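Comments concern the structure below.
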Amino acid sequence: MVSLISAILLQTNPLRSVFAEQEQWLPKKRFFFWLIVALVIGSCHPPALYKNCHDLLILDDMVCISGGFFLRGSERESIDEDSRHLVRDESPVQTIELSTFLIDRYEVTYGDYQKCVKAGGCTAAKPNYRGYSDERQPMLGVNWYQARDYCRWRGKRLPTEAEWEKAARGPDGELYPWGNEPANCDRAVIDEKSTPENILGAGSHKGCGTGVTAPVGSRPAGRYGLYDMAGNSWEWVDDWYSPSYGECGRDCQGKDPRGPCADLDRCTTTKYKIVRGGSWWWPAESALGSNRRPHFADNQPFHHFGFRCARGID
Ligand SMILES: [Ca+2]
């Protein structure tokens, strides 16, 4: 009898129906709660790590290289018979992070530079010898300050050494702008040497036999659509020279490294700036994307060096 009454009370108790309803809804509430949390989190995009090249309006004279990591440096041995030693200024190999940046598609030409002189943005300069002053040949014979001033006149700047190297080698540290195949005159304007597979005739092979530089863009574009990153003219970069990346220390590490004495017109630790990429006068090894050549910033003693410009996008 008691159990019968209890059963009737339970069936008719209004509180029981409320609790039962809550128990029924509890899993659904949890589901909706977590759904809302997921939607809120999903709608909050984290800030982009790097500016996206596709979002930028870029004039045709520059290319955009997306931010990210790349392998800088090498631990190669020189292939020069007289100095078969570790090329220590390129070591150690390290992963370096760069922001997105723009870089000129071509070396700055003689014609480009003379326009700047005419407009009062650059001091006069010209190659020391005949045969290098065609409008479309790379500008030669400037010092580092003149190269910097030209880039400023264009609203740009010189590329950092790290930017230049990434532009030449890509993210994975390939040897040349076209990959790891050896440099020759089909790919770059250099002093091509005879090899067992390719016996060249007598006489000079500087400038691939012309003895001088070629008009910019005479060889196929390398990665990123850049021309003459290997050969034709050496190219000034922004950084002061350091004997190795290891000795450079923190100035050559971290994101967007700029080497020692960044932003200073004179550096107490060195008188050298850096040129990159080899030239018509030098053999394939000089055109390696990792190769660093130090030279006095004021270009004394005088050498025929050129350059290209770059620009950040902030
Ligand atoms: Ca070059």
Exercise for review: Quickly rank 222-228, 200-206 as a protection proxy: mean count of other C-beta atoms within 10 Å, highest first.
Suggested key: 222-228, 200-206
Check your understanding: Quick one: Karplus J couplings for the range 241-258, per residue in order, coefficients 6.51, -1.76, 1.60, θ = phi - 60°, nearest Hz, x for Gly and Pro?
Key -> 6, 10, x, 6, 5, x, 5, 5, x, 5, 5, 10, 10, x, 7, 6, x, 10
Study note, to complete from the structure: Given backbone amide H placed at 1.01 Å from N, residues whose amide H is under 5 Å from that of Arg293, ignoring those fewer than 5 places away on the same chain, are Val275
Review point. Pulled fully out, how much extra length does the chain show between Phe302 and Ser66, if you take 0.36 nm times their separation in residues and subtract their Cα-Cα distance?
Key: 81.4 nm
Review point. What order, most packed first, do the peptides 258-266, 89-97 have when packing is the mean number of other Cβ atoms within 10 Å of each residue?
Key: 89-97, 258-266
Study note, to complete from the structure: Amide H neighbours of Val189 at under 5 Å, excluding residues fewer than 5 places away on the same chain, with H built from the backbone geometry, are Asn232
Check your understanding: What list of ³J(HN,Hα) values in whole Hz, one per residue of the range 203-219 in order, does the Karplus curve 6.51 cos²θ - 1.76 cosθ + 1.60 (θ = phi - 60°) give from phi, with Gly and Pro shown as x?
Key -> x, 6, 10, 5, x, 6, x, 7, x, 9, 5, 9, x, 4, x, 7, 10
Check your understanding: Quick one: if you stick a label point 7 Å off each Cα along the C-beta vector at Ile313 and Asp256, how many nm between them?
Key -> 1.3
Exercise for review: State, to one decimal in nm, how far the label point of Asp265 lies from the label point of Thr210, with both points 7 Å from Cα in the Cβ direction.
Suggested key: 3.7
Point to revise | Computed FRET value (nearest 0.05) for Leu57 with Tyr129, which takes r as the C-beta separation and R₀ as 45 Å | key: 0.65
Point to revise | Residues Ser194 and Arg88, FRET efficiency given R0 of 25 Å [Cβ-Cβ distance, rounded to 0.05] | key: 0.30
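Computed from the coordinates by the stated procedures, all read-outs in this text should not be read as laboratory data. Computed from a prediction, not measured in an experiment: that's the story for all the values here. So basically every Cβ, Gly included, is an ideal-geometry build from the backbone, and we count neighbours across all protein chains shown.
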